[in-house]
Amino acid sequence: MAKTGTTTQGLRAAIERSGYYPALVAEAVEAAVGGEPVASYLVHQETTFDSNEVRRHVTVLVLTDTRFIVSHTDEQAADTSSPTPYATTSTESVKLDRISSVVVSRVVANPEKYVPGTLPREVVLTIGWGAVSRIDLEPAACGDPNCDADHGYTGSSTADDLSLRVSEAGDGPDTVRQTLAFAQSLSEATAVTAATAR
């Protein structure tokens with residue numbers, strides 16, 4: 001379930017509607033937002049199945065005039081470190097001028113029949129700000145099939161700080177629409193920040 005909007009009261013209501021430890025999640029998010037007005041937000045809850053356990057997770061994304069705030073809350077079963085179930089909540093506040101990429105990947109069915117404005121069946125929102133990078137390396141080769149020289153390695157580095165996947169089948173069309181709306185707000189905010197920094 002995802003909710004998006006533009007007010008602090010709406011953010012609190014969306015967290016409460018998610019039903020996922022709302023007091024804990026709201027306190028963490030509101031502390032990170034502080035007194036700044038909320039420009040846009042997205043609340044996304046997902047359930048995963050891990051062996052014979054069901055795990056829930058909520059991600060809250062908030063855009064203010066100066067920052068992008070991301071909050072994750074996960075629940076954990078009792079283990080050797082805790083005799084009772086527990087939840088972990090983390091928040092990160094990123095200045096808008098640090099956001100290096102906002103990638104929106106859309107999956108559409110029957111692309112030859114695509115009509116502009118039709119919702120994709122799946123959206124993956126990936127946001128990078130340099131906190132986490134992934135490096136993919138592979139052996140380099142030359143064009144000579146008989147060459148057995150060592151040409152070193154080649155690869156690519158990808159900013160991969162946050163990736164959020166929603167689908168029409170799993171999350172519903174409103175969630176897909178709301179994710180696209182938040183992505184557009186974030187893209188526009190980073191463009192304005194980049195333009196004013198020049």
Separation of alpha-carbon centers, segment 67-121 and segment 6-32, rounded to whole Å: 16
Dipole magnitude of the chain about its Cα centre (Cβ charges: Lys, Arg +1; Asp, Glu -1), debye to nearest 20: 800
Simple spin-label estimate for residue 52 and residue 169 in nanometres, 7 Å along Cα-Cβ: 2.8
Computed over the chain: relative contact order in percent, which uses C-alpha pairs under 8 Å that are six or more apart: 18
Accessible area (Å², per residue) of the chain, counting only protein heavy atoms and a probe of 1.4 Å: 58
The chain shape via C-alpha gyration tensor axes, a/c threshold 1.5: prolate
Virtual spin-label span in nm between residue 86 and residue 192, 7 Å along Cα→Cβ: 4.1
In nm, spacing of pseudo-spin labels at residue 121 and residue 23 (7 Å Cα→C-beta vector): 4.3
Percent accessible area from carbon and sulfur atoms, the chain, protein chains only, probe 1.4 Å: 51
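The values are calculated or read from the model by the stated rules, or taken from the named source; none is laboratory data. Keep in mind the model is a prediction, meaning the values are calculated, not measured. Neighbour counts run over all protein chains shown; Cβ positions are idealised from the backbone, glycine included. For accessibility, only protein heavy atoms count, side chains too; no ligands or nucleic acids. Shrake-Rupley method; radii C 1.70, N 1.55, O 1.52, S 1.80 Å.
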